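Notes to accompany the following structure.
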Amino acid sequence: MRIKGITLGLMTLFFLAAPVKAADEEAQTGFSGRLESVLCIMTSSSRITAYSDEMAKIDSLEGRGKQYGQIAVLPLFDCYYTFANGLQAYISTPFFDEPREGLSLGLTKVFPDNSSLDGYIYGNALDVWEDPFVTGAARKLTPMYSAGFVANYKDIRGTGFNLNYKFRALKVDHDLIGEVHSDLQRSGSAHTLGLGYRISLDNSNTITPGIWYTRNHVKGAANRGHEYMSGLEYTRETDAYRLNVNTALSRGAYDRPHAIFKKDRRDWGLAATGSLIWYDLFGKEHWYAEAGLAYMEINSNLDFYNERNFILGLAIGYFFY
């Protein structure tokens, strides 16, 4: 679960990605989709999220946390059903080239003007620490549950504009630090609104600049605040492969000074993801291979929140349609 949590977190920083080749070929009614097995190699220095049991004990709240690694093999899938009117219903996990927020259940529709509307509900869970600020002793794990709704309207009326809205509800099972300091409670909700513009350079290459605003409305005022993000996506699509690269910068500010550090918290974030998918692997029409990279860095005026995360994913998959 722990490596899966960070995989979801990094892959879902970007939600302006275009559909993959399988979706383009879904012209007939009935079932279609894909299955994928991905080898993930991950390192993280987060002191907030429990990506590894080795992270349980920290000696200080200052400086940057130690980098820990983990390897896992994850099964991924999506399954679509296309109705006669072109409406598609699906259940899906996230992929490097098609990011979602978690296990998702949704509907999508492509219109005659080539715009598309996609909406889904999702859920996921990962482990955090009951009290992440304990030093000199092993911290205890507790699950954090996330669920919500995402709506994407791409290429609005053929103009190239993309509009995105995301709602997320969070629940930390045993929020010990929130019981001790009410300003540090972590359960609550968040709203994100994004706007992008897709620019076609030619038949194969597109770029999409975008901006996002997030209001984190959790119970603890020191964890509640605003985040602003800008990003750029590049996509190259050919019959043989699809390349997608995303970069983003973010700035976060919080409503109240931190209860432990007694200072206002300010965060800067840098993130980048890339994926390359090869179609028709070894001349086999339905098979493909994929490589994905993801990097995220957070720099805060409070050292405790500084972190670096890195993921390498290597996958083999099969389209069915």
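The values are calculated or read from the model by the stated rules, or taken from the named source; none is laboratory data. Only a predicted model underlies this, so the values are computations on that prediction, with no experimental measurement involved. Neighbour counts are summed over all protein chains in view; Cβ atoms, including those assigned to glycine, are modelled from backbone coordinates with ideal geometry.
Details
- Residue match in the range 219-237 (condition: small (Gly, Ala, Ser), in a strand (DSSP E or B) and in contact (Cβ under 8 Å) with a residue 60 or more places away in the chain): yes
- Single match in 297, 285, 290 (criterion: crowded, with 19+ Cβ neighbours inside 10 Å and of a type in the set (Asp, Glu)): 290
- Enumeration of residues in the range 109-140 that are under 19 Å from the mean Cα position of the chain (by Cα), more than 23 Å from residue 49 (Cα to Cα) and surrounded by 17 or more Cβ atoms within 10 Å (Cβ to Cβ): 118, 120
- Positions within the range 186-213 being surrounded by fewer than 15 Cβ atoms within 10 Å (Cβ to Cβ), assigned to a loop (DSSP other than H, G, I, E, B) and under 20 Å from the mean Cα position of the chain (by Cα), in sequence order: none
- Test: residue in the range 86-108 that is over 30 Å from residue 47 (Cα atoms), loosely packed, with under 14 Cβ neighbours inside 10 Å, out of contact with any Gly (no Cβ under 8 Å at 6 or more places or on another chain) and not hydrophobic (A, V, I, L, M, F, W, C): no
- Residue within the range 296-303 that is among the small types (Gly, Ala, Ser) and farther than 30 Å from residue 32 by Cα present: yes
- Residue match in the range 299-306 (condition: touching a strand residue (DSSP E or B) at 6+ places or on another chain (Cβ under 7 Å) and part of a strand (DSSP E or B)): yes
- Hey, residue 137 more than 15 Å from residue 47 (Cα to Cα) and small (Gly, Ala, Ser) or not: no
- Looking only at residues in the range 35-66 that are among the hydroxyl-bearing types (Ser, Thr, Tyr) and in a strand (DSSP E or B), the one that is farthest from the chain's Cα centre (by Cα) is 37.
- Residues located in the range 71-126, provided they are without any contact (Cβ under 8 Å) to a residue 40 or more places away in the chain, outside any strand (DSSP E or B) and of a type in the set (Ser, Thr, Tyr): 93
- Selection status of residue 216, in contact with an Asp or Glu (Cβ under 9 Å, 6 or more places away or on another chain) and in a loop (DSSP other than H, G, I, E, B): no
- Lone unmet requirement of (1) touching a helix residue (DSSP H, G or I) at 6+ places or on another chain (Cβ under 8 Å); (2) buried (at least 16 other Cβ atoms within 10 Å of the Cβ); (3) not basic (Lys, Arg) for residue 246: (1)
- Against the test of being at pLDDT 95 or above and closer than 21 Å to residue 271 by Cβ, the options 182, 250 yield a single qualifying residue, 250.
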